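Visitor: Mind looking over this structure? Questions follow.
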Amino acid sequence: MAKADTTESATLLILGASGDLASRLLMPGLGGLLTVQPERRVQLIGAGVETYTDAEWKGRVTTAMTAGSAKGRAVTDLLKRTSYLTADVTKPADLKRLLAACENPPAIYFALPPAITAKACDALVGLLPEGTRLALEKPFGVDEASAHTLNQKLATLVPEDHVFRVDHFLGTSGVLNILGTRFANRIIEPLLNNTHVASVDIVFDETLGLEGRARYYDHAGALVDMIQSHLLQTLAVVAMEPPAALEATDVRDLKALALRATRLWADDPAAASRRGRYTAGTIDGRTLPSYVDEEGVDPKNETETLAELTVEVRSNRWAGVPFTLRSGKALGAPRHEIVFTFRPPAHVPERIRGSDRPNRLRLDLKTLEMTLELDVNGPGDPYTIDHVELRAELNPGQLPAYGEVLAGVLEGDPMLAVRGDTAEECWRLVDPVLTAWKKGKVPLDEYRAGSSGPWKTPLVE
């Protein structure tokens, strides 16, 4: 699909524009995009049940733009033209009024709770002009069946390549860093397969606790919040075959093939998963209460704050290699990385000592570094091997995460948007695990806030 001309005017209609998502992430991201690409012209329309005067709305947008350090003629132009309309987005009459205010077929961003988003989609049937694009935040459904139903509903509104299921976790620069490392290096690409790789770990550990998100998080937990969406999508990029070109169709087709080949390890949802919940502790001088004592938490939900899932990608390249996906809150050290651990050498000559640590390739998506861990003869005893690290910086990208998201939506480039079938595939993998947990087949371990978690991990040595 050809990308839209960024010099053409575009309309972004945010439903739920008075909420936290719009002010904290969407509008600062838009400001970052307009700062880097000042040739863009964007009409921003906000909509919600709250009432704002024109001055109040423009003040909110200005504050959000300032938070994103936005500047330049495109930002100035947007602030002059932006408007806000009070509306019930579940009523067709109000939606007609919003669409009439759009100068172009809009990109509609649903910054709304999932239930309201579904009702708004029902109300939009028959109203949308050709060329409209829809952007939806996770969670996309609550299980495989509901995700399928929502996909069918969206198919009645716009074509699939006009639906942007947003995953800001791994933006353009993140995907390109992974694909570039994997496929642009003759010495790396031939090694990333089951002949040479013993295991793959995809980890997102954070030091933050609940941070006031009980209303959502206490019903989602780490498995749904992070693994079902973000980490399984990351796995798809890590495990996919090389595309012929970095085009939406190629990339999305190959991600879908990788996810369709993915199964729970040993086809056992209980054995393939682990869960834990943090107790009181201290992180960087901050004292955190136990999760069950956080405001808004219902202990009876038994919500996990750390989840681990091991899967196998049953393809010729990866069959037999365990992929472990882990994400947790309130941990002592932040980690956001992909780790390929290689098998040991077939033979090490006698008298060479110290080669007992595996070679690893790490892609740290937080520090934006690639690290290759090797064994070499270091200083001192020439018969003793030292473990060394070769480091290289990865591309940080020019845009904030939501700037990359909005660039794709406004340009009509769905390469990084989650396709409908892959959203359902992620639920296919997670649904049996959730069922096993509800039946008590997997214990809910506890770990102290600020610790490394309840289970020993081979990734930290």
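Visitor: Under 7 Å between Cβ atoms, at least 6 apart or on separate chains: pull out the pairs that start in the range 338-364 with a residue that is farther than 30 Å from residue 235 by Cα and end on any residue that is open to solvent by 40 Å² or more (accessible area, probe 1.4 Å) and part of a strand (DSSP E or B).
Guide: Listed by first residue and then by second, the contacts come to 353/384; 354/384; 354/386.
Visitor: Could we say that residue 27 is under 17 Å from residue 106 (Cα atoms) and not in a strand (DSSP E or B) here? Step through it out loud before you land on a result.
Guide: On the way: under 17 Å from residue 106 (Cα atoms): yes; not in a strand (DSSP E or B): yes.
Yes, satisfied.
Visitor: Anything in the range 152-185 that is of a type outside the set (D, E, K, R), within 24 Å of residue 433 (Cβ to Cβ) and either out of contact with any helix residue (DSSP H, G or I) (no Cβ under 7 Å at 6 or more places or on another chain) or open to solvent by less than 20 Å² (accessible area, probe 1.4 Å) (or both)? List them, or say none.
Guide: Listed by number, the residues that qualify are 166, 170.
Visitor: Please go through (1) within 27 Å of residue 407 (Cα to Cα); (2) in a strand (DSSP E or B) for residue 152 and return the number of the only condition it doesn't satisfy.
Guide: So residue 152 meets the others, but not (2).
Visitor: Would you pick out the residues in the range 405-422 that are within 30 Å of residue 35 (Cα to Cα) and either polar (S, T, N, Q) or open to solvent by less than 20 Å² (accessible area, probe 1.4 Å) (or both)? First the steps, then the outcome.
Guide: So in the range 405-422, the residues within 30 Å of residue 35 (Cα to Cα) come out as 405-419.
Listed by number, the residues that qualify are 406, 407, 408, 409, 410, 412, 414, 417, 418.
Visitor: Also, quick follow-up: Quick one: in the range 261-275, of everything that is assigned to a loop (DSSP other than H, G, I, E, B) and in contact (Cβ under 8 Å) with a residue 60 or more places away in the chain, which residue is least open to solvent (accessible area, probe 1.4 Å)? Before you say what the answer is, go through the steps one by one.
Guide: Keep residues of the range 261-275 that are assigned to a loop (DSSP other than H, G, I, E, B), which gives 261, 268-272.
Right, trim to in contact (Cβ under 8 Å) with a residue 60 or more places away in the chain and you get 269-270, 272.
On the way: 269: 34, 270: 27, 272: 5 Å².
Filtering first and then ranking leaves 272.
Visitor: Let me ask something additional. Can you say whether residue 416 is within 30 Å of residue 28 (Cβ to Cβ), touching a residue at least 60 places away in the same chain (Cβ under 8 Å) and not in a helix (DSSP H, G or I), as far as the supplied structure shows?
Guide: Values: within 30 Å of residue 28 (Cβ to Cβ): yes; touching a residue at least 60 places away in the same chain (Cβ under 8 Å): yes; not in a helix (DSSP H, G or I): yes.
Considered against the rule, which asks whether it is within 30 Å of residue 28 (Cβ to Cβ), touching a residue at least 60 places away in the same chain (Cβ under 8 Å) and not in a helix (DSSP H, G or I), residue 416 comes out as yes.
Visitor: Further question on the same structure: What pairs come out if I take residues in the range 315-328 that are assigned to a loop (DSSP other than H, G, I, E, B) and pair them with residues that are of a type in the set (Asp, Glu) and at pLDDT 95 or above whose C-beta lies under 6 Å away, six or more apart or interchain?
Guide: none
Visitor: For the range 30-55, how many residues meet the condition of being within 26 Å of residue 90 (Cα to Cα), touching a helix residue (DSSP H, G or I) at 6+ places or on another chain (Cβ under 7 Å) and small (Gly, Ala, Ser)?
Guide: Of the residues in that region, 2 qualify.
Visitor: Just need a number here: residues in the range 355-404 that are in a loop (DSSP other than H, G, I, E, B), touching a Ser or Thr at 6+ places or on another chain (Cβ under 6 Å), surrounded by 15 or more Cβ atoms within 10 Å (Cβ to Cβ) and at pLDDT below 90. Reasoning before the result, please.
Guide: Taking the range 355-404 and keeping what is in a loop (DSSP other than H, G, I, E, B), we get 355-359, 365-368, 378-383, 394-400.
From what's left, touching a Ser or Thr at 6+ places or on another chain (Cβ under 6 Å): 358, 395, 397.
Narrowing further to those that are surrounded by 15 or more Cβ atoms within 10 Å (Cβ to Cβ): 358, 397.
Filter once more, so that each one left must be at pLDDT below 90: 397.
Counting residues in the range 355-404 that are in a loop (DSSP other than H, G, I, E, B), touching a Ser or Thr at 6+ places or on another chain (Cβ under 6 Å), surrounded by 15 or more Cβ atoms within 10 Å (Cβ to Cβ) and at pLDDT below 90 gives 1.
Visitor: If you don't mind, another one. Looking at 85, 128, 134, which one is surrounded by 15 or more Cβ atoms within 10 Å (Cβ to Cβ), modelled with pLDDT of 95 or more and under 30 Å from residue 429 (Cα atoms)? Before you say what the answer is, go through the steps one by one.
Guide: Working: 85 fails: under 30 Å from residue 429 (Cα atoms); 128 fails: under 30 Å from residue 429 (Cα atoms).
Going through 85, 128, 134 in turn, the sole match is 134.
Visitor: Here's another thing I want to ask about it. Do the conditions hold for residue 345, that is, is it within 30 Å of residue 286 (Cβ to Cβ) and open to solvent by 50 Å² or more (accessible area, probe 1.4 Å)? Write out each step before concluding.
Guide: On the way: within 30 Å of residue 286 (Cβ to Cβ): no; open to solvent by 50 Å² or more (accessible area, probe 1.4 Å): yes.
For residue 345, the condition - within 30 Å of residue 286 (Cβ to Cβ) and open to solvent by 50 Å² or more (accessible area, probe 1.4 Å) - is not met.
Visitor: Any idea which residue in the range 186-224 is farthest from residue 306 (Cα to Cα), counting only those that are open to solvent by 20 Å² or more (accessible area, probe 1.4 Å), touching a Pro at 6+ places or on another chain (Cβ under 8 Å) and in a strand (DSSP E or B)?
Guide: Checking each candidate, the answer is 198.
Visitor: Pick from 307, 258: which is touching a strand residue (DSSP E or B) at 6+ places or on another chain (Cβ under 7 Å), in a strand (DSSP E or B) and hydrophobic (A, V, I, L, M, F, W, C)?
Guide: Matching residue, one of 307, 258: 307.
Visitor: Then there is this: Mind checking whether some residue in the range 51-60 is open to solvent by less than 70 Å² (accessible area, probe 1.4 Å), under 31 Å from the mean Cα position of the chain (by Cα) and closer than 21 Å to residue 122 by Cβ?
Guide: Residues of the range 51-60 open to solvent by less than 70 Å² (accessible area, probe 1.4 Å): 52, 57-59.
If we keep only those that are under 31 Å from the mean Cα position of the chain (by Cα) as well, we get 57-59.
Imposing the further condition that a residue be closer than 21 Å to residue 122 by Cβ reduces the set to none.
Scanning the range 51-60 turns up no residue that is open to solvent by less than 70 Å² (accessible area, probe 1.4 Å), under 31 Å from the mean Cα position of the chain (by Cα) and closer than 21 Å to residue 122 by Cβ.
Visitor: Take the residues of the range 442-453 that are closer than 19 Å to residue 310 by Cα and over 24 Å from the mean Cα position of the chain (by Cα): which is surrounded by the fewest Cβ atoms within 10 Å (Cβ to Cβ)?
Guide: 443
Visitor: Sticking with this structure for a sec: Mind telling me which of the residues 33, 12, 44 ends up being under 18 Å from residue 98 (Cβ atoms), open to solvent by less than 10 Å² (accessible area, probe 1.4 Å) and touching a residue at least 40 places away in the same chain (Cβ under 8 Å)?
Guide: Working: 33 fails: under 18 Å from residue 98 (Cβ atoms); 44 fails: touching a residue at least 40 places away in the same chain (Cβ under 8 Å).
The conditions single out 12.
Visitor: Need a quick list: strands (runs of 3 or more DSSP E) entirely within the range 59-147 having at least 3 residues that are aliphatic (A, V, I, L, M).
Guide: Numbers: elements: 83-86, 107-110, 133-136.
Once the strands (runs of 3 or more DSSP E) in the range 59-147 are filtered for at least 3 residues that are aliphatic (A, V, I, L, M), what remains is 133-136.
The values are calculated or read from the model by the stated rules, or taken from the named source; none is laboratory data. The structure displayed is predicted, hence computed values, not measured ones. Please note: Cβ atoms are built from the backbone with ideal geometry, for glycine as well, and neighbour counts cover all protein chains shown. Remember, those area values only see protein heavy atoms, side chains included, never the ligands or the DNA or RNA. Shrake-Rupley method; radii C 1.70, N 1.55, O 1.52, S 1.80 Å.
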